[in-house]
Amino acid sequence: MPWRSLLRASVAPRFGVFLILWLLAYSGNVTELVTRGYWESVTAQSTFLLVWTAPAVAACGAWEGTRVRRSAVLEGAPTRSPVAVALTALAPTLLLGGLSVALAVSLLAPQAMGYPGWPSLPVMALQLLVVAAHTVVGYVLGLSALRALAVPVALVGSFLWMAYPAALPAFWVRQLNGTNIAECCAIDQTVATRGIIAPAVVAMGMIAAAWLWSMRRRLYQIPAVVALGSLIATGAWIAQPLGYAAAQDRPAAERSCTGAEPRVCLWPEQRRSAAEITRWAGEAHDRLEAAGISVRAEITPMSAAPRRDDVIGLVAFGVLPNDIPACASRGDWPGNLAFGPLHAWLSLTAGVDPVSLAGRYIPQEVEIAERVRELPQPAQQEWFQRNAPTLTVCDQHPNLDPAHYL
């Protein structure tokens, strides 16, 4: 059948107008969640819009199923196989789903335009598979259910499956529908392999079960249920180790590092700013060394285009010890009181603009740091050397009052 006739007879173009308008309106809520400059994050965040795309294609599929059922084209001795009939009827809906996936990525693409990389093909392939699964399940529902119920049941059922698992206390369940990939990615992360395979297996289970059920013989209904249950169980087994997360560490080999002090390691997206980042880090290092503070840090900014104060703050943060004592988990860690003033003082000493500290620390911590900065340099070093060790032990209380070091 010519495409013009298919599109004229299908409900997908009419339903698609509302879907595309909704995606255009809703995408602004997702844009701010993208890690700017990182294509993996762009593609991952686009999966959130599957919450709307999947129910739309499921409803369209159900409508097409009721139309095929009403035409009785599958009755008697049809000249075409049921699969061929289904593909013809669902072609416009599948096209709508594919265009919606492409639109979701393109709406977020400006956040990474001009940076190295491309949209993640595995994530986009998963989205297309999820769209196909919901389309096929909706179609079979239209063939089997009461005509008045098929479309609303497909629409609501698909939406609940895409949206409700995120509210369940068992975190791994949310990995099964393909939308939890939106929890990824910071610039040092990629989408977890299990996070792609698990929903792909479930989607294939939905397609297999729908195909078996479409045979419309009781002989195939039990295998359909078994196939769906088995592949959902397999997907759950794959997803269970992930818990809430949908991300895994990005391969460290993708970073490039300088040999200077401090050691600056950058991801490909950050290399266009490498000269500035390295200069800011070197200046911060020199200021801290001049203040008598030894710096042996390795820094990797967490944005594609970090600001000056962000880089300097990372260098300052690297001076503090990383070993958190066991008492911190019990709440009786007196050294915790020293963390804010120490880091604020290090940031100011390294060259951070005092104005930018306002949103990072409580005013009392910044006030202490500024008062310490007014002390003679030997007294500042004494204040730091006295309070820094309290961060790693449980039995020492900090002495933060600058007046005690005059």
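Listed residues Gln396, Gln385; which is exposed (fewer than 15 other Cβ atoms within 10 Å of the Cβ), polar (S, T, N, Q) and out of contact with any His (no Cβ under 9 Å at 6 or more places or on another chain)?
Being exposed (fewer than 15 other Cβ atoms within 10 Å of the Cβ), polar (S, T, N, Q) and out of contact with any His (no Cβ under 9 Å at 6 or more places or on another chain) holds for just one of Gln396, Gln385, which is Gln385.
Kindly check whether there is at least one residue in the stretch 152-162 that is crowded, with 22+ Cβ neighbours inside 10 Å and farther than 27 Å from Ile238 by Cβ.
No, the stretch 152-162 has no match at all.
For the stretch 362-378: of the residues being surrounded by 15 or more Cβ atoms within 10 Å (Cβ to Cβ) and more than 15 Å from Val319 (Cβ to Cβ), which is farthest from the chain's Cα centre (by Cα)?
By that ranking, first place goes to Leu375.
In the stretch 95-109, what count of residues is obtained for those that are surrounded by 20 or more Cβ atoms within 10 Å (Cβ to Cβ) and polar (S, T, N, Q)?
Of the residues in that region, 1 qualify.
Look at the stretch 288-309 and say how many of its residues are buried (at least 19 other Cβ atoms within 10 Å of the Cβ) and over 30 Å from the mean Cα position of the chain (by Cα).
Total satisfying the criteria: 3.
Scan the stretch 258-274 for residues that are farther than 15 Å from Gly37 by Cα and either in contact with a Gly (Cβ under 9 Å, 6 or more places away or on another chain) or surrounded by 13 or more Cβ atoms within 10 Å (Cβ to Cβ) (or both) and report the count.
The total comes to 7.
Based on what the data block shows, is Gln127 surrounded by 21 or more Cβ atoms within 10 Å (Cβ to Cβ) and modelled with pLDDT of 90 or more?
So Gln127 fits the description; yes.
Give the residues of the stretch 312-349 that are of a type in the set (A, V, I, L, M, F, W, C) and in contact with an Asp or Glu (Cβ under 8 Å, 6 or more places away or on another chain), sorted by residue number.
Within the stretch 312-349, Ile312, Ala344, Leu348 qualify.
Going through Leu219, Leu242 one at a time, which residue ends up being open to solvent by 80 Å² or more (accessible area, probe 1.4 Å), farther than 22 Å from Pro354 by Cβ and of a type in the set (A, V, I, L, M)?
Just a single option satisfies the conditions, and that option is Leu219.
Name every residue in the stretch 241-285 that is in a helix (DSSP H, G or I) and among the basic types (Lys, Arg), in order of residue number.
Arg271, Arg272, Arg279
For the stretch 368-394, which positions are among the aliphatic types (A, V, I, L, M) and either assigned to a helix (DSSP H, G or I) or free of Cβ contacts under 8 Å to residues at least 60 places away in the same chain (or both)?
Result: Ile368, Ala369, Val372, Leu375, Ala379, Ala388, Leu391.
Quick check on this structure: which one of Ala132, Ala182, Ala170 is closer than 22 Å to Ile196 by Cβ and either surrounded by fewer than 17 Cβ atoms within 10 Å (Cβ to Cβ) or in contact with a strand residue (DSSP E or B) (Cβ under 6 Å, 6 or more places away or on another chain) (or both)?
When all the criteria are applied, what remains is Ala170.
Name every residue in the stretch 341-361 that is buried (at least 18 other Cβ atoms within 10 Å of the Cβ) and farther than 15 Å from Asn399 by Cβ, in order of residue number.
Result: His343, Ala344, Leu346, Ser347, Leu348, Thr349, Ala350, Gly351, Val352, Leu357, Tyr361.
Give the residue that is nearest to Arg147 (Cα to Cα), with candidates limited to residues of the stretch 23-76 that are part of a helix (DSSP H, G or I) and among the acidic types (Asp, Glu).
Checked the stretch 23-76; the qualifying residue nearest to Arg147 (Cα to Cα) is Glu64.
What residue, among those in the stretch 88-115 that are assigned to a helix (DSSP H, G or I), among the hydroxyl-bearing types (Ser, Thr, Tyr) and over 18 Å from the mean Cα position of the chain (by Cα), is nearest to Ala186 (Cα to Cα)?
Step by step, filter the stretch 88-115, then rank; the result is Ser100.
Return the total of residues in the stretch 286-328 being part of a helix (DSSP H, G or I) and either touching a Lys or Arg at 6+ places or on another chain (Cβ under 9 Å) or among the aliphatic types (A, V, I, L, M) (or both).
Of the residues in that region, 10 qualify.
State whether the residues of the stretch 145-162 include one that is closer than 28 Å to Thr93 by Cα and basic (Lys, Arg).
Yes, the conditions are met somewhere in the stretch 145-162.
Looking at Ala239, Ala260, Ala203, Ala246, which is the one that is within 30 Å of Ala316 (Cα to Cα) and among the hydrophobic types (A, V, I, L, M, F, W, C)?
When all the criteria are applied, what remains is Ala260.
Go through the residues of the stretch 206-219 one by one and say whether even a single one is free of Cβ contacts under 8 Å to residues at least 60 places away in the same chain, assigned to a helix (DSSP H, G or I) and under 17 Å from Gln240 (Cα atoms).
For the stretch 206-219, residues free of Cβ contacts under 8 Å to residues at least 60 places away in the same chain, assigned to a helix (DSSP H, G or I) and under 17 Å from Gln240 (Cα atoms): absent.
Among the residues of the stretch 275-284, which ones are under 14 Å from Thr258 (Cα atoms) and either open to solvent by 10 Å² or more (accessible area, probe 1.4 Å) or of a type in the set (Phe, Trp, Tyr) (or both)?
Listed by number, the residues that qualify are Ala275, Glu276, Thr278, Arg279, Trp280, Gly282.
How do the pairs read when you match residues in the stretch 115-132 that are under 10 Å from Ala54 (Cα atoms) with residues anywhere that are crowded, with 23+ Cβ neighbours inside 10 Å and among the polar types (S, T, N, Q), using Cβ under 7 Å and keeping only pairs 6 or more apart or on different chains?
That search, which allows pairs on different chains as well, returns Gln127/Thr47; Val131/Thr53.
The values are calculated or read from the model by the stated rules, or taken from the named source; none is laboratory data. A quick note: this is a predicted structure, and the numbers were derived from the prediction, not measured. All Cβ positions, glycine included, derive from the backbone under ideal geometry; neighbour counts span all protein chains shown. When the accessible area is computed, the model is the full protein with side chains, heavy atoms only, and any ligands, DNA or RNA have been set aside. Shrake-Rupley method; radii C 1.70, N 1.55, O 1.52, S 1.80 Å.
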